[in-house]
Each structure stands twice: as C-alpha cells, then as structure tokens.
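Okay, so here's the structure we're looking at.
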Amino acid sequence: MDEPNTELWVIPASQPRWVTYGSSITQCVGAHSPSRTWPALGNYHLESMVARLIRDLPSDFISLCVGINVYGAASLSPRTFKPALIGMLETIRDKHEHTPLLVISPIYATHRETNENALGFTLPMMREDVRQTVEMLKARGDHHIYYLDGLELFSENDASHLPEHLHPDADGYEIIAARFMEKIIRPYRKKGII
C-alpha cells in the first residue's frame, strides 16, 4: 500500500522564550485549565541546582517568584534568605547577563502577613528583603534586573479569592494574569525590554 505524499513544514517560533520559576502559586494549582494558568495567560527554596538549570536554558525573559515556600517551610532564616537569593540570581547571570530578569516577591497570603514563621519571618519582611536584593544588584551594575512587589499582582483586596488562605482560586489566577499583562508584559514590550 502506497503512503500518500506528505510535506512537513517547520515554522520557527516567533514568541519570546520565557522561563518562569516559583511555587505552587506560580504553577497555578487551582486554575481552570493548564492554558489558563497565570504564566500561560500572561517545590522551590532557592535551590542551586535549579539556578543552574535556569542558567542553562535558552531564554528571552526570566521571572522568579520567590519566598512563599521558604516562609512556609522555614527553610531559610532572615539571615540566610538574602544570600541564597543573591546566589540564585548570580548563577542565572552566568549565562544570561543581559536577559531581562524579573524578581517577584510573594503575593498576599492571609495569615502569613503578620504571623512569624518558625524562624521569625513574615511576608512583609520577605518582600523587603527581595526588594533590597534587587536594588543592590542594580546598584552593582545589573541594568536588566527588575523587581515587582507581589502585592501589585494580588493584594489583601483579593483575599476572597484565597479559599484556603494561600493559593488563589481559578478566578484569582486570572486576576494575577491580567495584572501581570498590565504591569509587566505590555509596558516591557513597549519599552523594548522583552
């Protein structure tokens, strides 16, 4: 039996390659579908092997949402969190010196805002450490690193979308996606960053 004549066309990708890293919030455990997670619409403790993996991936844009699992597991203290974050960011920079790198602090999480974890961290403290780390790296000459306060994506006003006080519900993820498009994707494209 003869096979019909067929042709295969390879269409080059025209969209930027985005590498994103984060907790189950970034993975969107309660999304309506995989195509409706906030990264698609718009187990993480700052491990060095993950930093090396991100470093070695081709990417036009990298975003890291850092802190929430570190808070929850009390895996890093207020003394060790910033050095671990610096190490992760510097490792990624080994091969992505000019790639836009967005560092996002934790979104709103009801009880974690004021309750200290086992090592004395609260989310406001963690957000400040993330902001200071990015500002320090900028001051040292990294002109392609950016900070986004997670509260700009999902704040106390959105708490009704936190059914178990940590993970947004499906509509909550779509709120994050819309804000990410508004605050990052559209303005960064307009400025030629991505």
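Rounded to the nearest whole Hz, the Karplus-based 3J(HN,Hα) values (6.51 cos²θ - 1.76 cosθ + 1.60, θ = phi - 60°) of the stretch 81-88 follow the sequence 5, 4, x, 5, 5, 4, x, 5, with x at glycine and proline.
Quick check on packing: order 45-56, 118-129 by the mean number of other C-beta atoms within 10 Å, highest mean leading.
On the way: 45-56: 15.8, 118-129: 17.3.
So the peptides 45-56, 118-129, ranked by packing, come out 118-129, 45-56.
Placing unit charges on the Cβ atoms only, positive for Lys and Arg and negative for Asp and Glu, gives the stretch 85-194 a dipole magnitude near 660 debye about its Cα centre. Rolling a 1.4 Å probe across all protein chains gives TYR188 an accessible area of roughly 20 Å².
By the rule of a C-alpha distance below 21 Å, with chain neighbours fewer than 8 residues away ignored, the lysines paired with LYS191 are LYS138, LYS183.
Which of the GluC sites (Glu not before Pro) found in the stretch 78-114 are in a DSSP loop and have at most 14 neighbouring Cβ atoms, other than their own, within 10 Å? It would help to have the intermediate numbers written out before the result.
Details: sites: GLU90, GLU97, GLU113; in loops: GLU97.
Listed in order of number, the matching sites are GLU97.
If a spin label sat at a point 7 angstrom from the Cα of HIS143 along the line to its beta carbon, the backbone N atoms of the stretch 89-107 nearer than 16 Å would be those of 97-101.
Of the solvent-accessible surface of the stretch 120-194, computed with a 1.4 Å probe over protein heavy atoms with every protein chain present, carbon and sulfur atoms account for 50 percent.
Taking amide hydrogens as placed 1.01 Å from N in the peptide plane, the amide H of TRP18 sits under 5 Å from those of ASP60, each at least 5 positions away in sequence or on another chain.
3J(HN,Hα) along the stretch 109-123: 9, 2, 6, 6, 5, 10, 7, 6, 7, 4, 10, x, 8, 10, 5 Hz, from the Karplus curve 6.51 cos²θ - 1.76 cosθ + 1.60 with θ = phi - 60°, whole Hz, x for Gly and Pro. Using 0.36 nm per residue and subtracting the Cα-Cα separation, the extra length available between GLU97 and THR80 on full extension is 3.7 nm.
For ILE194, the residues 5 or more places off, or on other chains, whose built amide H falls under 5 Å of its own are ARG189.
The values are calculated or read from the model by the stated rules, or taken from the named source; none is laboratory data. Being a predicted model, the structure only gives us computed values, none of them experimental. We place every Cβ from the backbone using ideal geometry, glycine too, and count neighbours over all the protein chains shown. Side chains are part of the model used for accessible areas, which takes the heavy atoms of the whole protein and leaves out ligands, DNA and RNA. Shrake-Rupley method; radii C 1.70, N 1.55, O 1.52, S 1.80 Å.
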